[in-house]
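Asks: What follows is a single structure, and I will ask about it in a moment.
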Amino acid sequence: MRSSSMARSDISARLSTYRKRFNTGHGNISPRSCFRGGQPTNCRVNKHVLGEALGGHSVGLWFVPTADSTSIEAKLIGELQPPWNRQGIS
């Protein structure tokens, strides 16, 4: 029982990190982020999301609890080959 509760705690911490990463990065971009020394990835992704929305397309975002986010992210990028990805993972 103790390990299960520790696993839930770890997953909760990771979700909190992703929420913070999204809400303070991709989801809330200040103008200074788009200049030299800023956060070009956040600005680029935001531009693509805005373009999709303005084009009448639906954009979805899911947060899924997992203890293995790094390998899941790599697998999704490898399988889907998203055109916005610039990590070079294929």
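The values are calculated or read from the model by the stated rules, or taken from the named source; none is laboratory data. The model shown is predicted, which means the values in this text are computed figures rather than measured ones. No Cβ is skipped: glycine too gets one built from the backbone with ideal geometry, and neighbour counts run over all protein chains shown. We work out accessible area using only protein heavy atoms, side chains counted, and drop any ligands, DNA or RNA first. Shrake-Rupley method; radii C 1.70, N 1.55, O 1.52, S 1.80 Å.
Asks: With respect to Asn23, is the statement that it is surrounded by 10 or more Cβ atoms within 10 Å (Cβ to Cβ), within 11 Å of the chain's Cα centre (by Cα) and at pLDDT 75 or above true?
Replies: no
Asks: Could you check region 26-47 and list, in sequence order, the residues that are part of a loop (DSSP other than H, G, I, E, B) and open to solvent by 90 Å² or more (accessible area, probe 1.4 Å)?
Replies: Asn28, Phe35, Arg36, listed by residue number.
Asks: I'd like the full set of residues that are modelled with pLDDT under 85 and part of a helix (DSSP H, G or I), limited to region 50-69.
Replies: The one that is modelled with pLDDT under 85 and part of a helix (DSSP H, G or I): Ser69.
Asks: Among the residues of region 70-90, write down those that are among the hydrophobic types (A, V, I, L, M, F, W, C) and surrounded by 10 or more Cβ atoms within 10 Å (Cβ to Cβ). Give the steps one after another, and end with the answer.
Replies: If we filter region 70-90 for residues that are among the hydrophobic types (A, V, I, L, M, F, W, C), which is where we start, we get 72, 74, 76-77, 80, 84, 89.
If the condition is that a residue be among the hydrophobic types (A, V, I, L, M, F, W, C) and surrounded by 10 or more Cβ atoms within 10 Å (Cβ to Cβ), then Ile72, Ala74, Leu76, Ile77, Trp84, Ile89 are the ones that fit.
Asks: Would you confirm whether or not region 48-69 contains a residue that is within 18 Å of Gln87 (Cα to Cα), open to solvent by 70 Å² or more (accessible area, probe 1.4 Å) and free of Cβ contacts under 8 Å to residues at least 12 places away in the same chain?
Replies: The answer is no, given that none of the residues of region 48-69 is within 18 Å of Gln87 (Cα to Cα), open to solvent by 70 Å² or more (accessible area, probe 1.4 Å) and free of Cβ contacts under 8 Å to residues at least 12 places away in the same chain.
Asks: Among the numbered conditions (1) surrounded by 11 or more Cβ atoms within 10 Å (Cβ to Cβ); (2) in a helix (DSSP H, G or I); (3) modelled with pLDDT under 75, tell me where Ala13 comes up short.
Replies: Ala13 satisfies every listed condition except (1).
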